[in-house]
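The values are calculated or read from the model by the stated rules, or taken from the named source; none is laboratory data. This structure is a prediction, so every number in the text was calculated from the model and none was measured. No Cβ is skipped: glycine too gets one built from the backbone with ideal geometry, and neighbour counts run over all protein chains shown.
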Number of protein chains: 2
Amino acid sequence: MSKPFASVWLREPRKATSPGRSREEIVNAAVELLDEEGLNGLSMRKLGAKLSAGATSLYWYVANKDELLELAYDEVWGEMTISEPEVVGWRDAASTQAYSMRQAMLRHPWSADLLGRMPALGPNAIQVADRMRRMFKLAGFDGMDIDYAVGTLTAYVYGMTVPEIVWNAALSEHEYDPDEMRKLVATAVRDFPGMLERMNTDIYQDPQAVRAVAFDFGLVSVLDGLERRLVT
Amino acid sequence: MSKPFASVWLREPRKATSPGRSREEIVNAAVELLDEEGLNGLSMRKLGAKLSAGATSLYWYVANKDELLELAYDEVWGEMTISEPEVVGWRDAASTQAYSMRQAMLRHPWSADLLGRMPALGPNAIQVADRMRRMFKLAGFDGMDIDYAVGTLTAYVYGMTVPEIVWNAALSEHEYDPDEMRKLVATAVRDFPGMLERMNTDIYQDPQAVRAVAFDFGLVSVLDGLERRLVT
DNA sequence: ACCTGAACACCGTTCAAGT
DNA sequence: ACCTGAACACCGTTCAAGT
């Protein structure tokens, strides 16, 4: 109840000394393990083994597993790029940013899980937020509206990408067969005739392509909606 | 790799017989436990104890813990209401739907975590999707655009609400002191002068109010953006 | 048909002890 | 300063056995 707000980012890190392992090395190994085996694949013992160390030696560099995940999580944010809004204009920069967020998350599916578990307070996450603020400021937003715009765009990308990742994960556990999937979904949806309309589309033939179109549709809508805030 | 796509919703449930426990009873108890103690507070042993049963007797009703969570998750979707779009118009109905999604998730913070972990395939989730489709159809969307519109609105609400829940959870672990929080954030943000602008606003005095305004701002933007798809 | 307890293979984390 | 192994208190799940 009254213990202080805890996050790796609010503590000074142990200074890196030359010999032995480093926090950076550990985080890199953790990201690798997470990419290969998912969130459940990462245990302190496995990570220790990967570094040919005792499982508990990691606790010298990191207070606990959650801190380690915070550090790994921020690496994902570090992969998000943005073009300079000053040269390409804010709408282009916003689109680039949105696509790059989506791609970074898709590359590291475990980030979808962490997103719902811990706040993004790392330096990379903050840098992304800072860039987006500058972008929307340049667009003409003012005061708190800048933050609201950042929040809206970020929320859209999150909300679109997380279910995509979850869906990918569910599918990757077995061979994907469009017809079989169509039948399964038809079963789930049997009581809602309106939902059956979608059955005959090509969603199940090429889900990736459909999701890309869907992402575009929503992105354009969100950007149009934000642009509208500027003129009124 | 080649095991079939697994989800509670694609199996026939064991038919409820009169004596003994029921699946419904178990799910209710699970939701209660989740509300009280969060996702980590739910273990099969604890849930068993709550029902004064052996931990492993639950496996008669449910294949594993993930299935149980799927069932609990769908209960959250069951709490989302929508006004009839035919009487209030699609924009009003969409707003109501968005607020009610947000509220349902806020009432069950563990849903933020599940969202990034398993697809929502339960009957309640499907019913919500069906209602939203009808709503956007009435608005004038056509073909796949109906689904894209549903996806966009849903994504926005997710993406906005999940970080809100995560933030609430991080804060609820200690007494909230606006000034202390301001200082902590100032530390995290120290290298980004642009971010410091926000320091002097009232975000930290009344975060709840600010988040409500932020949600509105984005919701109006998203709906405006969707509306724009209709005229062009 | 339903429920049980023992057992297995895991966890994260603490801590005294080593170098 | 760094690393170790043993130990603790948990997990989810299986399964033979009970009623």
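If you go through region B:157-215, how many residues are among the polar types (S, T, N, Q), facing chain A (nearest Cβ under 9 Å) and part of a loop (DSSP other than H, G, I, E, B)?
1
Conditions: (1) within 16 Å of DNA strand C (Cβ to nearest atom); (2) within 14 Å of another protein chain (Cβ to nearest Cβ). B:GLY122 meets all but one. Number of the miss?
Exception for B:GLY122: condition (1).
Quick one: what pairs do we get from region A:34-55, first residue at pLDDT 95 or above, second among the acidic types (Asp, Glu) and away from DNA strand C (no atom under 12 Å from the Cβ), C-beta under 7 Å, 6+ apart or different chains?
That search, which allows pairs on different chains as well, returns A:LEU39/A:ASP113.
Looking only at residues that are in contact (Cβ under 8 Å) with a residue 12 or more places away in the chain and in a loop (DSSP other than H, G, I, E, B) in region B:56-69, which one is farthest from DNA strand C (Cβ to nearest atom)?
Among those that are in contact (Cβ under 8 Å) with a residue 12 or more places away in the chain and in a loop (DSSP other than H, G, I, E, B), it is B:ALA63.
What is the one condition in (1) closer than 30 Å to B:ALA30 by Cα; (2) buried (at least 18 other Cβ atoms within 10 Å of the Cβ); (3) modelled with pLDDT under 95 that B:GLU164 does not satisfy?
Of (1) closer than 30 Å to B:ALA30 by Cα; (2) buried (at least 18 other Cβ atoms within 10 Å of the Cβ); (3) modelled with pLDDT under 95, only one is false for B:GLU164: (3).
Scan A:ASP202, A:ASP224 and give me the residue that is buried (at least 19 other Cβ atoms within 10 Å of the Cβ) and either more than 25 Å from A:SER111 (Cα to Cα) or modelled with pLDDT of 85 or more (or both).
Testing whether each residue is buried (at least 19 other Cβ atoms within 10 Å of the Cβ) and either more than 25 Å from A:SER111 (Cα to Cα) or modelled with pLDDT of 85 or more (or both) leaves just A:ASP224.
Taking only region A:59-70 into account, find how many residues are more than 8 Å from DNA strand D (Cβ to nearest atom) and more than 14 Å from chain B (Cβ to nearest Cβ).
So the count comes out to 3.
Within region B:127-149, track down each residue that is touching a Phe, Trp or Tyr at 6+ places or on another chain (Cβ under 6 Å) and without any contact (Cβ under 8 Å) to a residue 40 or more places away in the chain.
Once the filter is applied, which keeps residues that are touching a Phe, Trp or Tyr at 6+ places or on another chain (Cβ under 6 Å) and without any contact (Cβ under 8 Å) to a residue 40 or more places away in the chain, region B:127-149 yields B:ASP130, B:ILE146, B:TYR148.
Quick one: which helices (runs of 4 or more DSSP H) lie wholly within region B:74-142 and hold at least 2 residues that are farther than 23 Å from A:ARG117 by Cα? Write out each step before concluding.
Values: elements: B:85-88, B:90-107, B:110-115, B:123-139.
Fully inside region B:74-142 and qualifying: B:85-88, B:90-107, B:123-139.
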